[in-house]
Amino acid sequence: MMIFDSSAIFAAISQGQSEKMFGQGTSTLASFELGNIIWKEGVLARRFSVEDGQELCELCQKILERMHVAHPAMEDVYALAARLKITFYDAAYLALAIEAKGPFITLDQRLADSSRHMVDVLSFDEAIIRLNN
């Protein structure tokens with residue numbers, strides 16, 4: 001199972017690849033982070049209407065219902081965040097990837113670079129290629 005952070009899930013939605021998320025893993029944080037991405041794009045950047053933002057939120061919820069959404073142990077997340085000097089949020093996704101022993105997919109290059117020595121980190125495109133095979 002691959003672990004996708006919210007940036008990678010939003011990329012899947014944006015590129016019409018949301019069904020590739022089904023059966024993959026993510027953190028319980030994903031729903032709020034996806035909501036925040038949608039809010040930034042819709043409200044701050046004015047890229048779409050409130051109604052369109054609500055529809056995107058509904059789509060995200062449906063996708064997350066078909067994913068394995070897990071809650072990592074807070075003490076493990078904190079230890080990773082402190083050791084790697086990454087946010088607690090980012091460390092939550094990394095902790096899940098370590099636990100799942102699966103690839104970690106993020107669009108955040110700094111997080112990817114910080115994580116490579118602990119897990120297999122894939123770009124979004126690499127993940128989609130693997131999921132298509």
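The values are calculated or read from the model by the stated rules, or taken from the named source; none is laboratory data. Keep in mind that what you see is a predicted model, and the values were worked out from it rather than measured. Positions of Cβ are backbone-derived with ideal geometry, glycine not excepted, and every protein chain shown enters the neighbour counts.
Listed values, structure above:
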| read-out | value |
| --- | --- |
| Residues located in region 40-54, provided they are hydrophobic (A, V, I, L, M, F, W, C) and surrounded by 14 or more Cβ atoms within 10 Å (Cβ to Cβ) | Phe48 |
| Residue that is modelled with pLDDT of 95 or more and closer than 17 Å to Ile3 by Cβ, where the choices are Gly53, Gly42, Gly23, Gly102 | Gly23 |
| Per-region count, region 71-102, residues closer than 17 Å to Leu122 by Cβ, in a loop (DSSP other than H, G, I, E, B) and among the hydroxyl-bearing types (Ser, Thr, Tyr) | 0 |
| Flag if Ile38 is in contact with a Gly (Cβ under 7 Å, 6 or more places away or on another chain), assigned to a helix (DSSP H, G or I) and either within 17 Å of Ser14 (Cα to Cα) or not acidic (Asp, Glu) (or both) | yes |
| Where a residue in region 68-85 is under 14 Å from Phe104 (Cβ atoms) and its partner, wherever it lies, is in a helix (DSSP H, G or I) and of a type in the set (Ser, Thr, Tyr), with Cβ under 7 Å and at least six apart | Leu84/Ser114 |
| Selected residue (only one of Ile98, Ile128 is closer than 19 Å to Ile13 by Cα and among the hydrophobic types (A, V, I, L, M, F, W, C)) | Ile128 |
| Qualifying positions in region 3-24 - outside any helix (DSSP H, G or I) and surrounded by 22 or more Cβ atoms within 10 Å (Cβ to Cβ) | Ile3, Phe4, Asp5, Gln24 |
| Positions within region 108-124 being touching a residue at least 40 places away in the same chain (Cβ under 8 Å), assigned to a helix (DSSP H, G or I) and closer than 13 Å to Tyr93 by Cβ, in sequence order | Leu111 |
